[in-house]
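As structure tokens, the structure follows; a few thoughts come after it.
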Amino acid sequence: MTPSDSHPALPAVEALRGLGTLRYEQDAAGIGLLVLARPPVNALGRELVTDLCRAAAVLAEDRSVRALVLAGDGRTFCAGADLKERQSMTLDDVRGFVHAVSRTFQAIAELPMPTVAAVHGTAAGGGCELALACDFRVLDTDGRIGLPETTLGIVPGAGGTQRLPRLVGSARAKKWIFSGRLFTSAEALADGVVDAVATTDRVRAVAFEFVAEMAAAAPLSVRAAKKAVHLALSLSLEAGLAAEWQAYESILHTEDRLEALAAFREKRKPVFRGR
């Protein structure tokens, strides 16, 4: 018995209750909704980043969460760094804070379930990097997304220079990063930065629809597959195939695999329980 077995973690809906800058809820299908609740623009200040780090740790341990939608309250998804707060920071403060943001976004990227950012309004700088840390992105038809750091005398420091080229290739990533401009929904869709576009009032609904089929699949299989896909970005083909086999091996003993075989035999839809 592991420590986590002897002291089970609280479900995310309970553990994340009361955070000052986030709101969390979860539907019957196991799709969680994590909302940035620091309107009007959900700027990335110390408290929000700390809360996001806490939320990522909790969600990573909650097997009832089969998919996650990340959204924002107010007039925009996330306008990036809290520049008012930044003005009072020393250079060492800035270094420590940017490292904290980067670690937090990496924790979100490593969440074991499928994740989708429901972006309305603007996702600029750190807001764009937060969206890039998710597996998928749905953008408001009238929304804007980009990495304006070079126009502010800095560079993306929370994963933008690494995740964007892995997503769309180096040439397109350079166009986005070097220009520092915010791109329209049509441009972002054409460049492959976002996966779907929806009207403002439909962004969250479309995000939920986007991951609904994933949430209905066998959750342990989805988690194992996500881990294997992420490893593919950093491993040789030979090592990646070995990692794929490890993912497959981890599923062989599960009740869900047997349930899928039984459902096929009985000509019914499988009921996956994540066991």
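Quick notes on this one:
- Karplus 3J(HN,Hα) series, Hz, for segment 202-210 with 6.51 cos²θ - 1.76 cosθ + 1.60 (x for Gly, Pro): 10, 4, 5, 4, 5, 4, 4, 4, 4
- Of the residues VAL94, VAL211, VAL58, the one that moves most in a GNM of the chain with alpha-carbon contacts below 10 Å is VAL94.
- Remark: segment 86-178 carries a charge dipole of roughly 320 debye about the Cα centre, counting +1 on each Lys and Arg Cβ and -1 on each Asp and Glu Cβ.
- Computed [θ] at 222 nm, deg cm²/dmol, the chain (DSSP H ≥ 4; -39,500 (n - 2.57); rounded to nearest 500): -14500 deg cm²/dmol
- For the chain, built as a Gaussian network whose Cα springs stay under 10 Å, the top-fluctuating residue of MET89, MET214, MET113: MET89
- Near ASP142, once Lys and Arg are set to +1 and Asp and Glu to -1 for all other residues with Cβ below 14 Å from its Cβ, the sum equals 0.
- Gaussian network model of the chain, Cα within-10 Å springs - most flexible of LYS174, LYS84, LYS226: LYS84
- Pairs of Lys residues in the chain are counted when their Cα atoms are under 29 angstrom apart and they lie 8 or more places apart or on different chains; the count is 8.
- Pair LEU258, ARG46: separation of 7 Å Cα→Cβ label points (nm): 5.3 nm
- Contact order relative to length of the chain, as percent, for alpha carbon pairs under 8 angstrom and 6 or more apart: 15 percent
- Charged-residue dipole, Cβ positions (Lys, Arg, Asp, Glu), segment 1-159 about Cα centre, Debye nearest 20: 200 debye
- Total charge dipole magnitude, segment 153-197, about the Cα centre, Cβ charges on Lys, Arg, Asp, Glu only, Debye to nearest 20: 180 debye
- Percent antiparallel among DSSP beta bridges (both partners in segment 3-216, rounded to 5): 30 percent
Rule-based calculations on the coordinates, nothing more; no lab input. The shown structure was predicted, so the numbers you read here are calculated from the model rather than taken from an experiment. Backbone-built Cβ (ideal geometry, glycine too); neighbour counts: all protein chains shown.
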